[in-house]
Structure formats: structure tokens, C-alpha cells
Amino acid sequence: MSNEAVESATVSTVAGTVAHLGTPRGGLLRSALRMWRTRIGLLCAGVVILVAIVGPLIAPHDPSEFVAAPYAPRGDGLLFGADHLGQDVLSRFLHGGRSILILSVLSTVLGVGGGVLVGLVSAYARNALDDVLMRSMDVVLAFPQLMLALVAMATVGPKGWLIVLTVGLTTLPRVARVIRGAAVPVVERDFVGASETLAEPRLRILAVDVLPNVTGPLVVETTLRLTYAVGLVASLAFLGFAANPNAADWGLMIQENASALTVQPWGTLLPVIAIAVLTVGTGLIGDGLARASSGIDRGRADG
């Protein structure tokens, strides 16, 4: 084997070794799962997700069926009474979670995916492209999330794809800035320079060398963005901009039954409790992942 081949193989081996030096033993997820906050968060989020998935299969009535007088109290086969139109509150609650979860997850995937791409490209560019991308993100961040979404909804209408696009767009710049901040010191490390010396494609360098070293901040930011997406999608539905105004939706349930909170509270309380438990659960998961990534409470977590 020639000296050049030996040198290239040595550089590749060293680059691959250095790239994985920062990986914590046992993995980020395993460390986070040792913490009670993460376990409680998974339990809370898991219960709500299970209700949203299985709920339509076990609902006692069709969500649009009129089964009693408006705001009928509990009784006569209605575990939580009827809503403002005489529809079964429990059935509408069991059907109303899927839309929020699906839209929130799709928005988070879109926003995080775009944010990772922009953040990595910006960190690696180290030139005028970096400034252009980050200043563009600042422009988007200058608009309040809810106001930007409301303008889009009022202009085009409450379409499901538009909700995903708008919420994802409000998520993208925050993820991009976090990923750029985490990727900048990684780009300066020797194993990235070694890959550049070997004339590796830039896309491969970003995907193989840089991205695996920012997975900690990425996972934490993803859980946080999912939490905010749930709240924003529910807020849009509460304000009347649901993807399907005629379907059961937790945000719409809160709006429709809020005026009779003292008479028939369950139409409002059930979706409020579900959204609160889901956001608290995802927040606890994100907090646990953040603490595991930074090493906080690591000793106590093992106990």
C-alpha cells in the first residue's frame, strides 16, 4: 500500500474516532429515562396520545349525533353530559384529539427538518450566506407566532396544510438558531477538516460528521417545539381556525362550551385538561433530555 493510501486511511480512522468522542455512554435517551421527570412526562404524554388514537374506537356515540338537550347534565347514559348542541361531550372529546396531534407532529417535523438544514448550512458556510440565512430567520422571529398564523388563516382560510406550513414556519427559525449555535464549534474541529481534506462532499460532511454531534440539542429542541406546536394549533382552533370546523376538535370544544362553564363545565374542562397534560408531559420530557444532555442531575438520576 502506498504512503498516500496509508495516510488517507489513518486520517479517516482518526476523523471517525474523534467524531464520536463526545457521545455519552449509554446514550442521551437512556440517561434521560433514569430521571423521574422524564418518566412522568412520558406517562402524561402517552396517556393523552393513547386517548387520541384509541378514543374514536371506543366512543359511545357519533361525535355529530344529537343525543340530548343542549347542556344536559350527566346522566341518562351521558357520562359527561351534552354540549351546546346536545352532542355527547365524551364522544366529541374522544374524537377531538387526533387533529391536534397530527397537525402538531407534522408542523414540528416540517419546522425541525427545515431548521436543521438551515442551521447546518449556516454554520458550515462561514461566509455571507451565514449572515443572509440568520438575518432571514431574525425577520421571521420578529413576527409573533399567533399573529403570523392568524394573518395566514384570514388570507387563505383554515386549511390543514396551511396550518402545518404556518406553524412549521414559526418553528423553523428557532430550531435553525439552536442548531447553528451547536454546530459552529463542531465545524471547527479537526475531523471536519480531515473530511474536507479528503474532498468529501459537503452534504456528506454535514450528515455524517456534523449532524451526529448536535443530536442532543436537536432532540431537546424537538420536544420543546412540539409543545409549542400543540398550544398554537389548539389556539387557532379555539379562535375558529380549525382545519375542519364541523369535526370534533379540542380547541373548538373549549370555544363552543366556554360560555356555559358554570352550567356544564365538562365540555370545556376535558379538552383543557388533555391539552394541559400533553404540554406538561412533552415539557417534562424536554427538560429531562436537556438535563441529560448537559449532565445536570446525572448522579441523582442513576439512583
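No value in this document is a laboratory result; all are computed from the given coordinates. Since the model is a prediction, treat every value here as computed from it, not as a measurement. Backbone-built Cβ (ideal geometry, glycine too); neighbour counts: all protein chains shown.
Kirkwood Rh over Cα pairs of region 90-211 into Stokes-Einstein at 25 °C, 0.890 mPa s: D in µm²/s? Could the numbers behind the result be given before it?
Details: Rh = 16.2 Å.
Roughly 152 µm²/s, to the nearest whole number.
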Per residue of region 277-284, in order, report the coupling 6.51 cos²θ - 1.76 cosθ + 1.60 (Karplus, θ = phi - 60°) as ³J(HN,Hα) in whole Hz, putting x for Gly and Pro.
-> 5, 5, 5, 5, x, 5, x, 5
Arrange the peptides 179-188, 89-98, 127-136, 112-121 so that the one whose residues have, on average, the most other Cβ atoms within 10 Å appears first.
-> 89-98, 112-121, 179-188, 127-136
Estimated 222 nm signal from helices in the chain, with DSSP H stretches of n ≥ 4 weighted -39500 (n - 2.57), rounded to 500 | -23000 deg cm²/dmol
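Want the number for VAL47 to ALA260: 0.36 nm per residue separation, take away the alpha-carbon distance, what's left?
Values: separation 213, 0.36 × 213 = 76.68 nm, distance 2.74 nm.
So the chain would gain 73.9 nm between VAL47 and ALA260.
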Acute angle (nearest 10 degrees) that the helix 97-125 long axis makes with the longest principal axis of the chain, alpha-carbon atoms = 20 degrees
Net charge over other residues, Cβ less than 10 angstrom from the Cβ of GLU256 (K, R count +1; D, E count -1) = -1
Tell me, what is the FRET efficiency for ASP130 and LEU198 to the nearest 0.05, using R0 = 22 angstrom and their Cβ-Cβ distance as r?
-> 0.40
Rank these for me by crowding, SER293, SER99, SER64, going from fewest to most other beta carbons within 10 Å.
-> SER64, SER293, SER99
Simple SL model, points at 7 angstrom along Cα→Cβ for ALA247 and VAL54; separation in nm is 2.2 nm
A student applying the Cα gyration tensor rule (rounded when a/c is under 1.5; otherwise prolate if a/b is larger than b/c, oblate if not) would label region 16-142 oblate
